[in-house]
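Taken together, the values in this text are just the output of simple stated rules run on the coordinates, not laboratory data. On a predicted model such as this, the values are computed, not experimentally measured, just so you know. Positions of Cβ are generated from backbone atoms using ideal geometry, with glycine treated the same way; all protein chains shown enter the neighbour counts.
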Amino acid sequence: MVSRALAFRYFCLTFILGISLGPLFQAVFKYVFFLILICLFFSIFLFKKGNKKLAFNIFLILFCLLGVYRYLSFRPFVNHPLYDLVLNQQNGLEVTLTGKIISQIQGKNTDMRFNVKIDQAWLNEEKIPSSELISVTLPKIYDFSYGDLLFLKGSLKLATDSLNKHLGYLTKDNIFLTMYDPEIKVLGHNQGNSILRVIYKTGETFQNSLNKSISEPSVSLVSGLILGNSAAGFDAKFSNALRQVGLSHIVAVSGYNLTILAESLSKICLFLGFTKNISFGFSSLAIIVFCLLTGASASVIRSGIMALVLLLAQRISRTYYSVNALLLAGVIMLLFNPLILTLDLGFQLSFLATLGLIYLGSFWQRILKGEKRSFLSWRANLATTASALTMVSPWIFYKQDTFSLIAPLSNLLVVPLIPLLMFLGFCVALSGMLWPFLGNILGFLALWPSQWVIILVNFFSKLSFSQLVFNFHPVLKLAILLISYFFIIRLAYNENKRTHEN
């Protein structure tokens, strides 16, 4: 019989597997619950009869079915009348509706985006019962905030890209419709949750403080690092340059970045002579404060949880239990929203980066001699970057149709600056909220490393050999992904074995 720790890991993994298999069971959704009851009955029966091995295997099937059920119960099986109507309209559906803003306001400078939950909708004066969620984009800045009740009149369209695929970053929140530049009026204020209103307002103040203290284009880069793509005001040219040089992941909803920041904070605290307990407490508090002050969006909260798991893993100093803690955190987040497993790149990068730091951290620390004292622990920070990058690189390649030949060099020169830029950006925004003059001074200091990153990105992107564009068959891409992770897992296994032997 397996140990409790290993059994816990198997249960978490089969639950996650069940979520990934969820789409295959949509046609038999009503039978899944009965299958769960049957598995529960037989597992208990066999356990009492003494056949623990078979009971354990049925328990694994049970947890897999629980994952399937969670996925299917989260998917929109309720009526979506507006979505059904828009499906048959190529040019959109002209509707009038009222609804509340239920998200943080996103965007800067020239446009704004937010999500609305519909209260009432009318089509040609006919009332349509709907409580669907839609994404609204406005081409200019209005004084709206979370909880405002709005009147909207405009064209509803499907939230799809140029290939008519649903936009993953909206689909994961069960948003399938968009409305661009509607006629709009404010009918009321403060209709939402009061706690969320305070947190979102703090996040907006944080972003405004950054905008006032750092000039463009540096402020777009710093905002992207801290808050993710939604806050970055990059033009199409610079966004494409980031992809060309293999650095688009640095602004992927901050999950990857916050994990690296947590590790770097811990290393710097230890370098300054603090004990492990003090280092753990300070770094954990810094991550929590960071999440609250930046607006506590769902993506930032998820990446914050991953960062805290990493700090806990360091404190435990045992890979076995660290991985279980990471899996538990992942399962909890998937319980709230199972769609992030396949549709949220930030969650995927954050999970993989944390896994890389747990399994490959000692390998890169040994190769780069991370234990040696160095200025601001640059050796340890570089090892941290390499550990996370090793684990996420195959996935980034799989998610894109391009391969950057310059990516290893650009990441080597840029990624070690991420913790510094995030720390400076956070200090700039916080000081700007308290004393704008100090924010401007710190903003000037943040210009230097941010300009360095921008210059490197623009320089590397102009090289003719910087990027190869592949039109790989999905099966070939999957094969490359599996082969890459086979060698990475083998490396992690050998390193873990070596650590235990020593």
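Available extension along the chain between Glu204 and Thr96 is 36.0 nm, counting 0.36 nm per residue and deducting the alpha carbon span.
The amide H of Ser130, built 1.01 Å from its N in the peptide plane, has Ala121 as neighbours under 5 Å, considering only residues 5 or more places off or on other chains.
When the Debye formula is applied to the Cα atoms of the chain, each taken as the same point scatterer, what base-10 log of I(q)/I(0) results at q = 0.07, 0.10, 0.12 Å⁻¹? Summing over Cα pairs of the chain leads to -0.42, -0.88, -1.24.
Between the alpha-carbon centers of the range 9-88 and the range 447-484, tell me the distance in whole angstrom. The range 9-88 and the range 447-484 have Cα centres spaced 38 Å from each other. Stretching the chain fully between Arg366 and Val289 yields a gain of 24.5 nm (0.36 nm per residue, less the alpha carbon separation).
The listed peptides 145-152, 442-449, 485-492, ordered by packing as a protection proxy, come out as 145-152, 442-449, 485-492 (highest mean of other Cβ atoms within 10 Å first). Multiplying the residue separation of Thr137 and Lys49 by 0.36 nm and subtracting their alpha-carbon distance yields 25.6 nm.
Checking every one of the GluC sites (Glu not before Pro) in the range 112-157 against DSSP loop status and a limit of 11 other Cβ atoms within 10 Å picks out Glu125. Using the rule -39500 (n - 2.57) for each DSSP H run of four or more residues, divided by the residues of the chain, the 222 nm mean residue ellipticity is -20500 deg cm²/dmol.
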